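The values are calculated or read from the model by the stated rules, or taken from the named source; none is laboratory data. Bear in mind the structure is a predicted one, so any value in this text is a computation, not a measurement. When we count neighbours, we look across all protein chains shown, and the Cβ atoms used for this are built from the backbone with ideal geometry, even at glycine.
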(Lines give C-alpha, C1' and ligand atoms only; values in the text may rest on other atoms or scores of the structure.)
Protein backbone atom coordinates (compact mmCIF):
# COMPACT_ATOMS: atom_id res chain seq x y z
CA UNK A 1 0.00 0.00 0.00
CA UNK A 2 1.48 3.31 -1.02
CA UNK A 3 1.60 6.23 1.41
CA UNK A 4 -1.12 7.98 -0.64
CA UNK A 5 -3.52 5.07 -0.07
CA UNK A 6 -2.98 4.71 3.68
CA UNK A 7 -5.83 5.63 6.02
CA UNK A 8 -5.39 8.96 7.78
CA UNK A 9 -6.31 9.78 11.35
CA UNK A 10 -8.96 12.49 11.60
CA UNK A 11 -10.95 14.11 14.39
CA UNK A 12 -14.31 15.73 13.77
CA UNK A 13 -15.44 18.25 16.38
CA UNK A 14 -19.13 18.86 16.94
CA UNK A 15 -21.19 21.61 18.63
CA UNK A 16 -21.29 20.87 22.33
CA UNK A 17 -17.72 19.58 22.50
CA UNK A 18 -18.07 15.99 21.29
CA UNK A 19 -15.27 14.68 19.09
CA UNK A 20 -15.24 11.72 16.73
CA UNK A 21 -11.84 10.19 15.98
CA UNK A 22 -11.48 7.85 13.00
CA UNK A 23 -9.03 6.47 10.46
CA UNK A 24 -10.30 6.96 6.91
CA UNK A 25 -9.03 6.31 3.41
CA UNK A 26 -8.05 9.34 1.29
CA UNK A 27 -11.17 9.09 -0.88
CA UNK A 28 -13.39 9.22 2.24
CA UNK A 29 -11.53 12.29 3.47
CA UNK A 30 -11.98 14.00 0.09
CA UNK A 31 -15.69 13.18 0.16
CA UNK A 32 -16.03 14.60 3.67
CA UNK A 33 -14.20 17.81 2.75
CA UNK A 34 -16.42 18.23 -0.32
CA UNK A 35 -19.53 17.65 1.81
CA UNK A 36 -18.40 20.21 4.40
CA UNK A 37 -18.14 22.77 1.60
CA UNK A 38 -21.85 22.39 0.86
CA UNK A 39 -24.72 23.82 2.87
CA UNK A 40 -25.25 20.86 5.20
CA UNK A 41 -27.33 17.72 5.47
CA UNK A 42 -26.37 14.23 6.52
CA UNK A 43 -23.08 12.55 5.57
CA UNK A 44 -22.08 8.89 5.72
CA UNK A 45 -18.41 8.31 6.57
CA UNK A 46 -16.83 4.88 6.24
CA UNK A 47 -13.89 4.43 8.60
CA UNK A 48 -11.64 1.45 9.39
CA UNK A 49 -13.80 0.38 12.31
CA UNK A 50 -17.28 1.12 10.98
CA UNK A 51 -19.63 3.57 9.33
CA UNK A 52 -21.02 6.70 10.95
CA UNK A 53 -23.72 9.07 9.71
CA UNK A 54 -23.79 12.61 11.09
CA UNK A 55 -25.33 16.03 10.52
CA UNK A 56 -22.85 18.30 8.73
CA UNK A 57 -24.49 21.42 10.21
CA UNK A 58 -23.28 20.29 13.66
CA UNK A 59 -19.58 20.07 12.66
CA UNK A 60 -17.32 22.76 14.13
CA UNK A 61 -13.97 21.52 12.81
CA UNK A 62 -12.07 18.77 11.01
CA UNK A 63 -8.55 17.93 12.20
CA UNK A 64 -6.39 15.84 9.85
CA UNK A 65 -3.34 14.36 11.57
CA UNK A 66 -0.15 14.99 9.60
CA UNK A 67 1.35 11.74 10.97
CA UNK A 68 4.77 13.35 11.08
CA UNK A 69 7.01 11.70 13.62
CA UNK A 70 8.40 14.18 16.11
CA UNK A 71 11.18 13.92 18.65
CA UNK A 72 11.32 16.20 21.65
CA UNK A 73 8.88 18.17 23.68
Notebook entry, point to check: In segment 52-66, what residues are surrounded by 10 or more Cβ atoms within 10 Å (Cβ to Cβ) and touching a strand residue (DSSP E or B) at 6+ places or on another chain (Cβ under 9 Å)?
Noted result: 52, 54, 55, 56, 58, 59, 60, 61, 62, 63, 64, 65
Next item on the list: Output the strands (runs of 3 or more DSSP E) that fall wholly within the chain and possess 2 or more residues being modelled with pLDDT under 95 and more than 11 Å from the chain's Cα centre (by Cα), or say none.
Entry: none
